[in-house]
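Shown next, in structure tokens, is the structure this report addresses.
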Amino acid sequence: RLTDHPAHDGTDSHVWSPDGKTILFVSERDLNLEIYGMASDGSGPRNLTNHPGTDDGPVGLLEGRSIVFVSDRSGGMEIHRMASDGTDAMQLTTAGGDSFWPVGSPDGSRIAFTSTRDGNPEVYVMDGDGSHQRRMTHTDAEEKWVSWIK
């Protein structure tokens, strides 16, 4: 079952680590959406978020050392970051509205994402630590599902 939250639109919510040894995925096996990691052969699945809130949309960042994800653990859907072992989770966005669909830049230094903080979905970019958040699109249309091109 997929949630009706904008963080999960029915597309795949799994990603490989840069070294190809780990797969991140989302599961409801603990009765709510959680982010798991497992070895590429399917062994050792482990709950990385282990939080009563909805955790979704994992994206590997910074050469496999960090994971960026979306969670409603603070109320609205916000972008968070944690170490690749699930420790040191921290919230990166707090500007109101929902923020979702984060994508790390090819060099891991920035995160593009969609947010409704200014009304309708627009594209934003921030540094990997959540600083320097800036709006990139300015239209009445909905802009979402960002990708970086190398």
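The values are calculated or read from the model by the stated rules, or taken from the named source; none is laboratory data. What you are looking at is a predicted structure, and each value in this text was computed from that prediction instead of being measured. Methodologically, a virtual Cβ is constructed for each residue, glycine included, from the backbone with ideal geometry; neighbour enumeration extends over all protein chains shown. All accessible areas refer to the heavy atoms of the entire protein, side chains included, with ligands and DNA or RNA removed. Shrake-Rupley method; radii C 1.70, N 1.55, O 1.52, S 1.80 Å.
What is the number of the single condition among (1) touching a Ser or Thr at 6+ places or on another chain (Cβ under 6 Å); (2) within 26 Å of Arg65 (Cβ to Cβ) that Ser131 does not meet?
Unmet condition: (1).
Considering the range 98-144 alone, what residues qualify as being assigned to a strand (DSSP E or B) and free of Cβ contacts under 8 Å to residues at least 12 places away in the same chain?
Step one: list which residues in the range 98-144 are assigned to a strand (DSSP E or B), which gives 99-104, 110-115, 122-127, 134-135.
Scanning the range 98-144 gives a single hit, Arg134.
Would you check which residues across the range 113-150 are more than 16 Å from the chain's Cα centre (by Cα), open to solvent by 90 Å² or more (accessible area, probe 1.4 Å) and of a type in the set (A, V, I, L, M, F, W, C) and list them?
Answer for the range 113-150, where residues must be more than 16 Å from the chain's Cα centre (by Cα), open to solvent by 90 Å² or more (accessible area, probe 1.4 Å) and of a type in the set (A, V, I, L, M, F, W, C): Met136, Ile149.
With the structure loaded, tell me whether Gly104 is at positive phi and open to solvent by 10 Å² or more (accessible area, probe 1.4 Å) or whether it fails that test. Before the answer, list the steps.
Numbers: at positive phi: no; open to solvent by 10 Å² or more (accessible area, probe 1.4 Å): yes.
Criteria not met by Gly104.
Residue by residue, here is whether (1) part of a loop (DSSP other than H, G, I, E, B); (2) touching a Pro at 6+ places or on another chain (Cβ under 6 Å) holds:
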position	(1), (2)
Met38	no, yes
Val68	no, yes
Glu78	no, no
Thr93	yes, no
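Examine the range 4-24 for a residue that is at pLDDT 90 or above, farther than 23 Å from Asp129 by Cα and either among the acidic types (Asp, Glu) or open to solvent by 40 Å² or more (accessible area, probe 1.4 Å) (or both), and state whether such a residue exists.
no
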